[in-house]
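Visitor: Got a structure for you, questions after.
The values are calculated or read from the model by the stated rules, or taken from the named source; none is laboratory data. From a predicted model like this one, the values you see are computed outputs, not experimental measurements. Here Cβ is always computed from backbone atoms with ideal geometry, including for glycine, and neighbour counts include all displayed protein chains.
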Amino acid sequence: MNHLKTYILLAAMTALFGAVGYMIGGSGGMFIALGVAAAMNLFAYWNADKMVLSHFRAQPVDARHPDPRVRTYVEDTLALAQRASLPAPKVYIIDNPQPNAFATGRDPEHAAVAATTGLLGLLSRDEIRGVMAHELAHVKNRDTLTMTVTATIAGAIAMLANFAFFLGGNRNPIASILIMILAPIAASLVQMAISRAREYEADRIGAEIGGEPEALARALRKIEAYARQRVNVDAERNPAMAHLFIINPLSGQGADNLFSTHPNTQNRIAQLAKLAARLGRSSASAAARPWGERRGPWG
């Protein structure tokens, strides 16, 4: 169902893009708009992962790292990738106190996963495995490419909306102002809806890859609780990248509504509890563990 919802929303965003182009310059404007979108998506397809990793100053790590926690993180991630029948991703670490993680890359053969030092210091080993299984689920579902495309189209719609004001303002200033204001809002709403759908699906697939939905649920509780207390400066500087993370890294977090890039964490935990029950595992630890409890980095 989430896949179908994603395809429908992508089609809606593409139609919106073409409609804005048509309102600006007729059929010719629509084709020019689609050409611009294709060029931007092609650039994003080849370069988005490098741009994201560079922006957050992610550093590659491997099993030879001097820190045993990092070595275990790398080894567990590669083992989970093998379990999911995925090529070995590149593994990165980000020197940031906010606990969080993301995946990027145009396809499973060029995937990368990254975790912050805050996440490695906060979570237990099984919780970190749960988080990385979630990120590998994004890779397996090719969500990294889907979200890159949606972010690019949303940015292109905002650009076209500005063109509408400058190119068509003299002919119909009211319509141009409405396009400039409403089109980017509509594109952002669609982008956020796609992001929320992909997060629910990655929780489900990630829980199946890792085999411990309750560990992922505990991790989500802890990450959200601690993320609220630590500002991610790099994410705040470029909020368009917030959808990449497992938990919203921005300080202004909201509920599971039209304007959130992520589902409400309690809703995600509830879905994981249902999955744990279907798998015959106890979900009590997922539901009852308090937000502030810390088990130690490798407990």
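Visitor: Search region 79-122 for residues being of a type in the set (Ser, Thr, Tyr) and modelled with pLDDT of 95 or more, and hand back the single one that is surrounded by the fewest Cβ atoms within 10 Å (Cβ to Cβ).
Guide: The extreme case among them is Ser85.
Visitor: Got a number for residues in region 225-242 being of a type outside the set (A, V, I, L, M), surrounded by 22 or more Cβ atoms within 10 Å (Cβ to Cβ) and in a helix (DSSP H, G or I)?
Guide: Total meeting the criteria: 1.
Visitor: Checking Val70 against (1) β-branched (Val, Ile, Thr); (2) closer than 25 Å to Arg125 by Cβ; (3) modelled with pLDDT under 75, which single condition isn't satisfied?
Guide: That leaves (3) as the condition not met.
Visitor: Does Ile179 satisfy the criteria of being modelled with pLDDT under 95 and part of a helix (DSSP H, G or I)?
Guide: Against the criterion (modelled with pLDDT under 95 and part of a helix (DSSP H, G or I)), Ile179 qualifies.
Visitor: Something else about it: Being hydrophobic (A, V, I, L, M, F, W, C), over 22 Å from Leu122 (Cα atoms) and surrounded by 17 or more Cβ atoms within 10 Å (Cβ to Cβ): is that true of Ala193 here?
Guide: yes
Visitor: For Arg268, all conditions in the list (1) modelled with pLDDT under 75; (2) within 17 Å of the chain's Cα centre (by Cα); (3) of a type in the set (Lys, Arg) hold save one; what is the number of the exception?
Guide: With (1) modelled with pLDDT under 75; (2) within 17 Å of the chain's Cα centre (by Cα); (3) of a type in the set (Lys, Arg) applied to Arg268, the lone miss is (1).
Visitor: Can you list residue pairs whose Cβ atoms sit under 6 Å apart, with the first residue in region 127-143 being closer than 11 Å to Glu199 by Cβ and the second being small (Gly, Ala, Ser) and part of a helix (DSSP H, G or I)? Count only pairs 6 or more apart in sequence or on different chains.
Guide: These pairs meet every condition: His134/Ala202; His134/Gly206; Ala137/Ala202; Ala137/Gly206; His138/Ala202.
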